[in-house]
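These notes are about the structure you will find just below.
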Amino acid sequence: MSLDLDSRPPSDAPVVVVGAGQSGLAAARALIELDVPVVVLESGDRASGSWPHYYDSLRLFSPAAYSSMPGRPFVGDPDRYPARDEVADYLEQFAAALPVEIRTNTRVATVRQGDREFVVVTDDGWEFPAAGIVAASGSFSNPYRPVFPGQTSFTGRLLHVAEYRNPLPYTGMRVIVVGAGDSAAQVANELAPLADVTLAVRHPLRFIPQRIGGEDVHYWLRETGFDSLPAAWLSKIGGGSLITDSVGFQQTLADGLLDVRPMFTALDRNRVVWSEDERERVDAIILATGYRPSLDYLRELGALDPYGGPLHVGGISTTHLGLVYVGLENQRSFASNTLRGVSADAAAVVTPLVAWIRDAPAAVGITEYEPAPLTLVN
């Protein structure tokens, strides 16, 4: 069956951007620059994404000088690491300066395909026609929680870092932090003075030096082009997470205030099982095990794999014309889901999205086409 592109009237509907965090705001800005009407739908009460909901002490892993959105640098010392609340305020100010409608407290329930447009349905029953969809909803609402043998019998506290706020409730406790990335290191480091802490890891920790040749490592990530290395190449480097130690974790470890051990094998009531011969009572386990994309609203559309991941290449949907993504980890490069990298990704996916909305194929004389079978390449 062929599709007559000449018969498709240009849509007057806006592009709907789902999410008003750094990714959604970057996408909105890119669309505005191309004179495309846009509406941003944000489930929270602020145009700052998930930042207000992270743990209290969270700081950017990169200095302010390397963490700005285009046209709006952080004010103040460029070498500092901005704190959670400062980043949330910064994004809210960035959003306020955009000539775009942002609807907060508006959660997207599902997206459907119409004859010419998408239909975005919210939790409260509103329906929005959309010429295109930018899925920029992040991952905070979908924390990854591994399941351990014996977990149902565990009587201690088991939580994800998404639920963690500060170290005070853990004073005097035996705490295991699970993970080998920046968040695991930050949380373990701030718990160490108040609790008996072990960092449990599946792989050896790998650190990026904070300063090289007198410059912050993020200077070199930019200048050497490492930030722009494509995801396919990064996967060949291997070795798992990298820690940019901006909080002094390595010194805390050297001072003996915490230790690092290979991952426990199971849970047994109030204990972790380190090996057949070693079990230890613990009070709390904090999972700093990352997140998965929060995209359940695209499940009905058929845009996701069986595990809830997006089917895409570089942020361009391989299932639906007019659907793109911004803010996926390693979407196009090492810096893809960071403040410093997300705007480049937004521009990269918005350009073809707008070309499709404006019927670029018909403009160059392609008035009919036969959709080819979809082939996904891993």
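Using the Cβ-Cβ distance between T152 and A363 with R0 = 56 Å, the FRET efficiency computed as 1/(1 + (r/R0)^6) comes to roughly 0.40. Potential lengthening of the chain between T110 and E127 amounts to 5.1 nm, from the contour at 0.36 nm per residue minus the alpha-carbon distance.
Highest average first, the peptides 293-302, 199-208, 69-78 ordered by how many other beta carbon atoms sit within 10 Å of their residues are 293-302, 199-208, 69-78. Under the criterion of Cα pairs below 8 Å and six or more residues apart, the relative contact order for region 290-337 equals 23 percent.
Here region 269-378 has 52 percent of its accessible surface on carbon and sulfur atoms, given a 1.4 Å probe and all protein chains in place.
The Cα atoms of region 143-210 give a gyration tensor whose axes a ≥ b ≥ c have a/c of 1.5 or more with a/b no greater than b/c, which makes the shape oblate. Phi angles of region 264-272 translate, via the Karplus equation with coefficients 6.51, -1.76, 1.60 and θ = phi - 60°, into HN-Hα couplings of 5, 9, 6, 10, 9, 6, 9, 10, 9 Hz per residue; Gly and Pro are given as x. In a solvent-free Debye calculation with one equal scatterer on each Cα, what is log10 I(q)/I(0) for the chain at q = 0.14 Å⁻¹, listed in the order of the q values? Log-scaled intensity ratios, in q order: -1.24. Here region 224-292 was treated as a single set of alpha-carbon atoms; its pair distances binned every 10 Å from 0 give 13, 30, 33, 18, 5 percent. Shape summary of region 11-125, radius of gyration then Dmax from alpha carbon positions: 15.7, 52 Å. Legend: helices of the chain (whole DSSP H runs) are marked when their alpha-carbon atoms reach 15 angstrom or more along the helix axis and their mean Kyte-Doolittle hydropathy is at least -1.0; marked are 22-33, 84-96, 342-357.
Quick check on the chain: helices-only [θ] at 222 nm, where DSSP H runs of length 4 and up contribute -39,500 (n - 2.57) each and the sum goes over total residues. Nearest 500, please. Only helices count here, giving -5500 deg cm²/dmol. In this structure, N270 and R165 have a Cβ-Cβ separation that, at R0 = 35 Å, corresponds to a calculated FRET efficiency of about 0.90.
The values are calculated or read from the model by the stated rules, or taken from the named source; none is laboratory data. Only a predicted model underlies this, so the values are computations on that prediction, with no experimental measurement involved. Please note: Cβ atoms are built from the backbone with ideal geometry, for glycine as well, and neighbour counts cover all protein chains shown. Just so you know, the surface numbers come from the protein's heavy atoms only, side chains and all, with ligands and any DNA or RNA stripped out. Shrake-Rupley method; radii C 1.70, N 1.55, O 1.52, S 1.80 Å.
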